[in-house]
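Enquirer: I am attaching a structure below and will ask some questions about it afterwards.
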Amino acid sequence: MSWASELPGELVCRPLGLVALTGLDTTYNAVHKAIWDSFFNNRRNDRVPLQFKVCTADHEYPKCKQKRTSYEWYIPKGILKTHWLQKHLQEIPSVVVVFFDLDWDEPLWKERQMECSTRVEIVRNSLQGRGTKIAVVLIQKNAPLPPGEDLMAAERAVSLCSACEISAKSLYVLPHTDHLIGYTVRLENAFYEQAQAYYHQEARKVKSHKDFLNKTTHQLLFVRHQFKSAFFNELKQDSHTAIKHYKQAYGYMLDLRMHDTNMLEVKTVAGFINYKICRLSFQHNAPLDAIAQFRKHIDFFKSKTGIPELSFEHSAWMSKQFQVFGDLFDEAIKLGLTAIQTQHPGFYYQQAANHAIFRKQLCQGLCMQPQEMKSPDEIADYLGPTDFYGQRKWRQGHQSIEPPDLQKEREGILSLQTKERQVDHSWLIIPLLSSAVAQFRKYKSPRMKRFLMVQMGEEYYHAKDYVKALILLNKVTWDYRGERWWSLLTSILETSLKCAYLTAKVQEYVSNSMELIGRYAQCNHDAKVRVQMNLIRVMTNDVPEPEPGLDQACVEKAAGLWAAARNQQNSFTIDMHGLLPFIETKACFVSEVVSADHEITVEVCLRVGCPFPVRLSKLMVLFTNQKYNPHCLLIDRRGISASSESEVDSGDLYLKPEEARVFSFSFLPLTEDVGKQIEISSLALEMGSEAGCCAVLRWTGGGGDNLLQPLGPARPVIKPTTPGVPVDWNAFVVNPVIRVNPRKAHVEVKSSHEPPCLLNEIYLVSVLVDNKEDSDIKDVRVSLGLQASEENQDDSTQVCSSVSEFEEDKTSNTCQLEIGVLRKGESAKKEFYIKCLHAGNRTFISTVNYKVDVMVDKQGICCDCQAEEQISLTTVRPFDVSIKLESLKYETIEAVHADDPFLLTTDIRCSSPWSIDIKDSSVNLSEFIHTACDPHESQIAGVRLHKSDCGAESVCLVASSCVQPSVSLGTYTLEWRRLSSGSKELPYVQSRFPLPTVNIEHIPITVHVAVPAFGRVKTLLPLCYVVKNRTPYVQEIQISMESTDSFMFSGNKQSQLRVLPGQEYKLHYNFFPLVAGQVTLPRLHLDMMRYPGTMDDIINKMLPTHIFIRPIGKTPPGST
């Protein structure tokens, strides 16, 4: 059947113009071989679309038929000849190129020219009647000279063209030099132009025949001529004109009279034309046009079945149409076309597979009569090559409605049916389904992908490739379980069970059987009984009965495989996660939390939904801590086929249908799990025996049906089962996790301290531990630490057991002390020291850990206990320190003058609720700052400050000259401690405060004056102003003294002087006060020639502005 539906290779290949190269001896001539390689090898996309073929000089080309002058009495025998495409692609060249070794300076020119013309004449005679172009290429040793310079070459070229009867445009020169490929590319372009001219001429010839045709008897010729014109335009690489002619040919095709005798030919040629139209539409980036054309094509021909006995041919043709269009669509996508989820090649591959499946069904209905089958020799007489595409061999060229010979027609139909029966349709369907699955997976359509995978699995089953069928079906069953497609899942499981039986896959057979006998499988009761009996046979190491509907030969082969499997030990584990077997499990801790001195109880509930009771051999509960596994193990040694009444010294795992049974296990928690969670990692049930076939069924976690778990509350209530009361399966809650809390501690923890804590002080916290247990406790440890939280992750809190640890810098935020053994009723006290480097609120945890021996069910165990007390502590600042800079006149300043004294004043205000004892204070100065006189002595040493009290001290400092514009003064340190009832034993601590950073200004000149404490009215007041030059240069200074009403003075009111570097100059004035009180002194104005207008304000800040003047004393009355 493939000959009628397959597309010929000459149709699907890219049409390229044929150019024949003659005169090349590629076997013995190295130059000719290099020329041929330059044409044939390395055909990149940028080369012209041509195909080259080497022919001998006397090659016989196909003879040209005599052209018709009239179609009046011509009756066509078919639409398209089978050899026509091949002939124009591979046999009839558009250009014949004659290669000839001849240089322009050839001594024997006449003889060589005659030889060349003879070769051309031989080629021309073999192409007689055809429009094939002829070109001559002269192979020369040297590169030609520029045009016009070689007169001999021009003269001999004209002579050669005349002798060969060719035009000058058909004569070429090919120098064999290092640039051979470049000359070859230029020759190709010239040949391409000639080939286009040839195919254009051939298309015009075909088009000219249209005037001689009529639509009554020449309908087939309308289609043929349009097809030929389109194909010639494709060879010409004019795809737009080609698709126009193909569409016209398709239109004429739809107008043909169709009947059973020519239906196959019409559909075959229509399929060819549709393929060409769709392919060119995709090439023109018009995918919607291609899709529309294909839908039109299918809608028209889908009902054109043809001969009923050969209806499978129509399904084969339809399948091929969809497959070819899917291939074209996929190829266009690879070249950049964008597809969408609702329109992609997968749909067309799926339809192709559906028609192939329908073809198989038709074959089974029409071709299954063995008595009518033909022998291979008889088939050869009726099947084989034909002159026209789509025709029958026994009636070629027949275009009438009725067949010419009914007997031959019947024999031919039987031959086709015999041939169709030999086709293995499954191997035609599977690749189509595989292509569709790949497309639906690419475009994210999971349900369609699974549906097609099921079809693939069934086809593999029909093709008797049971291993691949089993693999495919196992991949999709997971999804159908999750989506609860019970009918689909049952059908898939039945097919999988057959595949597992035929391949003797014990594990797959057991797992499929377990699901088929479960409550969710929708097979009938008898089928479930049969499957359960087979399952019992397999588990007892016996051979199961074959599944119904299997091929007898396959059953016999499978029996041998099962017999071989019996001699092997079959032990395997089945992961039940996601499966829906006949047995269901649930495990539950009876509580969510348990104390370390109480037993842990685990309940396991089992239920089966198979037709008959079943006996298991082992029940295991597996934990994340494997040390508990031996405590939760139940073994039934009766055997899978034993009844429940037999008495054996072992557990009873006999389960009746739909009757839930609960098995309980108890054990004590281990010390290592106190404070942790114990989790059930998996449940395991064992069927069979290790001596024969043993299947271990493993559920993850606490079991339960994770696919069908009913939606209930977020945290269901756990209710332990009551012995003797039937178990409600739905009410049994899965709880695979339990937390083991430490045993409740019977000790009393009390902490004592004096809050609040002062910043940077050593704070005492005492912890008292009182034993309230009924016995002695041991390994008692007391710890005090900062509560773990995101806010407490810094190192600003230190906890130690002694003061010396602070000095040794061995600190952390947690400290632990050992007590050892504490007798019953005794108590112990431990002291901790805390240092907080930042103010704020903190929470500390005081923890007591110990061990105590207790009795649980007459069994002594050692329990770790823990008692805690939470301590909330607020840290406050003990005092507020404000630091300011002042001049000697106690005026606040922002900058200091180099080598001039200034005051550092510190104000200390106590903000602590406790009194503060200040031991000492100190100033640590930087290298550029020093005290004005003696070293600093604390002015507040030994002072006690109560809440809201203030203390102050002042230090006179001098800044040295330095290059840096700003300098940090240093730090100010206070050594202190709190005064309270228990603070005497605590050491003093130091708190450091950074001194401000100041700008040091360099003043070129200074003025000082010694002013007495007071003066008297009308009493002489002598003052001496000292001007000092601090620069390394001579300074010229202009000085003036301002007059006031309060003083009379003698001295230079205005003077100009010169001060040497580093020297002083003294100005003496005698002031005579006129008024009493706080009097303003006359103002001294100073101006420097080097710094005009800048020093006056600075100098006024250095000098005193007022002086107190006493009035004149009065003489008491009566005194002399």
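Enquirer: Quick check on my filter: what residues within segment 744-762 are surrounded by 21 or more Cβ atoms within 10 Å (Cβ to Cβ) and not hydrophobic (A, V, I, L, M, F, W, C)?
Expert: GLU761
Enquirer: Would you please list the contacts, defined by Cβ atoms under 6 Å and residues six or more apart or on different chains, that run from a residue in segment 251-265 that is under 20 Å from LYS296 (Cβ atoms) and in a loop (DSSP other than H, G, I, E, B) to a residue that is open to solvent by 20 Å² or more (accessible area, probe 1.4 Å) and not basic (Lys, Arg)?
Expert: LEU256/GLN219
Enquirer: Just to be sure I understand the filter: pairs with C-beta atoms under 8 Å, separated by 6 or more residues or on different chains, first member in segment 313-324 and over 16 Å from GLY390 (Cα atoms) and in the same structural domain as ARG279 (by TED's automatic domain parsing), second member in a helix (DSSP H, G or I) and among the aromatic types (Phe, Trp, Tyr). Which pairs pass?
Expert: Final answer for the pair search is PHE322/TYR348; PHE322/TYR349; GLN323/TYR348; GLN323/TYR349; VAL324/TYR275.
Enquirer: Could you tell me how many of the residues in segment 984-1010 are open to solvent by less than 40 Å² (accessible area, probe 1.4 Å) and either closer than 30 Å to LEU1081 by Cα or among the aromatic types (Phe, Trp, Tyr) (or both)?
Expert: Residues of segment 984-1010 that are open to solvent by less than 40 Å² (accessible area, probe 1.4 Å), as a first pass: 986, 989, 991, 995, 998, 1000, 1003-1007, 1009.
Now restrict to residues that are either closer than 30 Å to LEU1081 by Cα or among the aromatic types (Phe, Trp, Tyr) (or both): 1000, 1003-1007, 1009.
Summing the residues that are open to solvent by less than 40 Å² (accessible area, probe 1.4 Å) and either closer than 30 Å to LEU1081 by Cα or among the aromatic types (Phe, Trp, Tyr) (or both) in segment 984-1010 gives 7.
Enquirer: Moving on. So in segment 294-332, with the set limited to residues that are farther than 18 Å from GLN361 by Cβ, charged (D, E, K, R) and assigned to a helix (DSSP H, G or I), which one is most open to solvent (accessible area, probe 1.4 Å)?
Expert: ARG295
Enquirer: Which ranges mark the strands (runs of 3 or more DSSP E) fully within segment 1011-1058 that have 2 or more residues being open to solvent by 50 Å² or more (accessible area, probe 1.4 Å) and under 30 Å from VAL1075 (Cβ atoms)? Walk me through how you get there before you give the answer.
Expert: Working: elements: 1014-1016, 1021-1029, 1035-1041, 1047-1050.
Strands (runs of 3 or more DSSP E) meeting the threshold: 1014-1016, 1047-1050.
Enquirer: From the list GLU494, GLU508, which residue is in the same structural domain as LEU473 (by TED's automatic domain parsing) and buried (at least 21 other Cβ atoms within 10 Å of the Cβ)? Step through it out loud before you land on a result.
Expert: On the way: GLU494 fails: buried (at least 21 other Cβ atoms within 10 Å of the Cβ).
After ruling out the rest, the residue left standing is GLU508.
Enquirer: Hey, among GLU234, GLU265, which residue is in the same structural domain as MET318 (by TED's automatic domain parsing) and on the phi < 0 side of the Ramachandran plot?
Expert: On the way: GLU234 fails: in the same structural domain as MET318 (by TED's automatic domain parsing).
One residue alone meets the criteria, GLU265.
Enquirer: Next question. Counting just the residues of segment 361-394 that are out of contact with any helix residue (DSSP H, G or I) (no Cβ under 7 Å at 6 or more places or on another chain) and open to solvent by less than 70 Å² (accessible area, probe 1.4 Å), which one comes out modelled with the lowest pLDDT?
Expert: By that ranking, first place goes to GLN369.
Enquirer: Quick one: which helices (runs of 4 or more DSSP H) sit completely within segment 401-496 and have at least 2 residues that are modelled with pLDDT of 90 or more?
Expert: Numbers: elements: 406-421, 426-442, 446-462, 466-482.
By residue number, 426-442, 446-462, 466-482.
Enquirer: Oh, and also: Could you figure out which of (1) within 24 Å of HIS753 (Cα to Cα); (2) in contact (Cβ under 8 Å) with a residue 60 or more places away in the chain; (3) in contact with a Lys or Arg (Cβ under 9 Å, 6 or more places away or on another chain); (4) of a type outside the set (S, T, N, Q) isn't true of PHE844?
Expert: (3)
Enquirer: Residue pairs, Cβ under 9 Å, 6 or more apart or interchain, first in segment 538-553 and among the small types (Gly, Ala, Ser), second surrounded by fewer than 19 Cβ atoms within 10 Å (Cβ to Cβ). List them.
Expert: Listed pairs, sorted by first residue: none to list.
Enquirer: Still on this structure: Restricting to segment 931-948, what's the tally of residues that are over 19 Å from TYR988 (Cα atoms), open to solvent by 80 Å² or more (accessible area, probe 1.4 Å) and in a strand (DSSP E or B)? Lay out the reasoning, then the answer.
Expert: First pass over segment 931-948, keeping only residues over 19 Å from TYR988 (Cα atoms): 931-936, 948.
Narrowing the set further to residues that are open to solvent by 80 Å² or more (accessible area, probe 1.4 Å) leaves 933-935.
If we keep only those that are in a strand (DSSP E or B) too, we end up with none.
Looking only at that region, the number is 0.
Enquirer: Quickly run through segment 1071-1084 and pick out the residues that are open to solvent by 60 Å² or more (accessible area, probe 1.4 Å) and in a strand (DSSP E or B).
Expert: The answer is PHE1072, GLN1078, THR1080.
Enquirer: Quick one: count up the residues across segment 808-820 that are loosely packed, with under 14 Cβ neighbours inside 10 Å and modelled with pLDDT of 85 or more.
Expert: Adding up the residues that qualify gives 2.
Enquirer: Working only within segment 333-360, note down all residues that are in a loop (DSSP other than H, G, I, E, B) and open to solvent by 50 Å² or more (accessible area, probe 1.4 Å). Walk me through it before giving the result.
Expert: Filtering segment 333-360 down to residues in a loop (DSSP other than H, G, I, E, B) leaves 335-339, 341-342, 344.
Within segment 333-360, LEU335, GLY336, THR338, GLN341, THR342 qualify.
Enquirer: Also: Inspect all residues belonging to segment 74-95 and state whether any of them is outside any loop (DSSP other than H, G, I, E, B) and of a type in the set (Val, Ile, Thr).
Expert: In the first step, residues of segment 74-95 are kept if they are outside any loop (DSSP other than H, G, I, E, B); the result is 81, 84-91, 95.
Next cut, of a type in the set (Val, Ile, Thr) only: 95.
Yes, because at least one residue in segment 74-95 is outside any loop (DSSP other than H, G, I, E, B) and of a type in the set (Val, Ile, Thr).
Let's see how each residue does on (1) of a type in the set (S, T, N, Q); (2) closer than 25 Å to GLU10 by Cβ:
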site: GLN51; (1), (2): yes, yes
site: THR82; (1), (2): yes, yes
site: LEU89; (1), (2): no, yes
site: GLU115; (1), (2): no, no
site: LYS133; (1), (2): no, yes
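Enquirer: Looking only at segment 840-875, which residues are aliphatic (A, V, I, L, M) and surrounded by fewer than 16 Cβ atoms within 10 Å (Cβ to Cβ)? Break it down into steps so the answer makes sense when it comes.
Expert: Going residue by residue through segment 840-875, those that are aliphatic (A, V, I, L, M) are 845, 848, 852, 854-856, 861, 867, 871, 873.
ILE845, MET855, VAL856 - these are the residues of segment 840-875 that are aliphatic (A, V, I, L, M) and surrounded by fewer than 16 Cβ atoms within 10 Å (Cβ to Cβ).
Enquirer: Name the single residue, out of those in segment 76-117 being among the hydroxyl-bearing types (Ser, Thr, Tyr) and within 16 Å of SER170 (Cα to Cα), that is least open to solvent (accessible area, probe 1.4 Å).
Expert: Start the filter on segment 76-117 by keeping residues that are among the hydroxyl-bearing types (Ser, Thr, Tyr), which leaves 82, 94, 117.
Now narrow it down to the ones that are within 16 Å of SER170 (Cα to Cα): 94, 117.
On the way: SER94: 0, SER117: 18 Å².
Looking at the filtered set, the residue picked out is SER94.
Enquirer: Which of the residues that make up segment 603-614 are closer than 30 Å to VAL856 by Cβ and either open to solvent by 10 Å² or more (accessible area, probe 1.4 Å) or touching a helix residue (DSSP H, G or I) at 6+ places or on another chain (Cβ under 9 Å) (or both)? Walk me through it before giving the result.
Expert: Step one: of segment 603-614, the residues closer than 30 Å to VAL856 by Cβ are 603-606.
Hit for segment 603-614 is GLU603, nothing else.
Enquirer: Among the strands (runs of 3 or more DSSP E) confined wholly to segment 784-891, which include 1 or more residues that are closer than 30 Å to ALA1013 by Cβ?
Expert: Working: elements: 797-800, 814-822, 827-836, 840-856, 859-876, 879-886.
Ranges flagged: 879-886.
Enquirer: Which residues, counting only those in segment 581-601, are over 30 Å from GLN532 (Cα atoms) and of a type in the set (A, V, I, L, M, F, W, C)?
Expert: Correct list: PHE589, VAL590, VAL593, VAL594, ALA596, ILE600.
The values are calculated or read from the model by the stated rules, or taken from the named source; none is laboratory data. Since we're looking at a predicted model, the values are computed, not measured. Cβ coordinates were reconstructed from backbone atoms using ideal geometry, including for glycine residues, and neighbour counts include every protein chain displayed. The accessibility values were calculated without ligands, DNA or RNA, using every heavy atom of the protein model including side chains. Shrake-Rupley method; radii C 1.70, N 1.55, O 1.52, S 1.80 Å.
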